[in-house]
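Data first, discussion second: the structure below is written as structure tokens.
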Amino acid sequence: MATRTRKRRYGQAAQRSVASALRRRKAGTLRSGKRGPGKGRRVTSRQQAIAIGLAEARRKGAKVPPPPMD
């Protein structure tokens, strides 16, 4: 019986962007909010770092599903 192939939800570019955000969080350079003089606070949450990485990937046009609408 043939196995079913699954379509990938996230592309390689999205994976790289998230990995970069996690490295920046660990180094202490990842900040929340927009760039500029009134920068946000330093991100310490792993979950928030992943969300920031996915948002950056979306802005660059990588293959990432839209954020959940709550």
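Overview of results
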read-out: Separation in nanometres of the label points that stand 7 Å from Cα toward Cβ, at THR44 and ARG16; value: 3.2 nm
read-out: Sorted largest first, extent of the chain alpha carbons per principal axis (Å); value: 58, 24, 23
read-out: Carbon/sulfur fraction of accessible area - the chain, other protein chains in place, 1.4 Å, %; value: 51 percent
read-out: Candidate lysines - alpha carbon under 18 Å from LYS7, same-chain residues fewer than 8 apart omitted; value: LYS63
read-out: Ranked by how many other beta carbons lie within 10 Å on average, peptides 48-57, 21-30 from highest; value: 48-57, 21-30
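The values are calculated or read from the model by the stated rules, or taken from the named source; none is laboratory data. The model shown is predicted, which means the values in this text are computed figures rather than measured ones. For neighbour counting, all protein chains shown are included, and Cβ atoms are generated from backbone atoms with ideal geometry for every residue, glycine included. Surface accessibility is based on the protein's heavy atoms, side chains included, excluding ligands, DNA and RNA. Shrake-Rupley method; radii C 1.70, N 1.55, O 1.52, S 1.80 Å.
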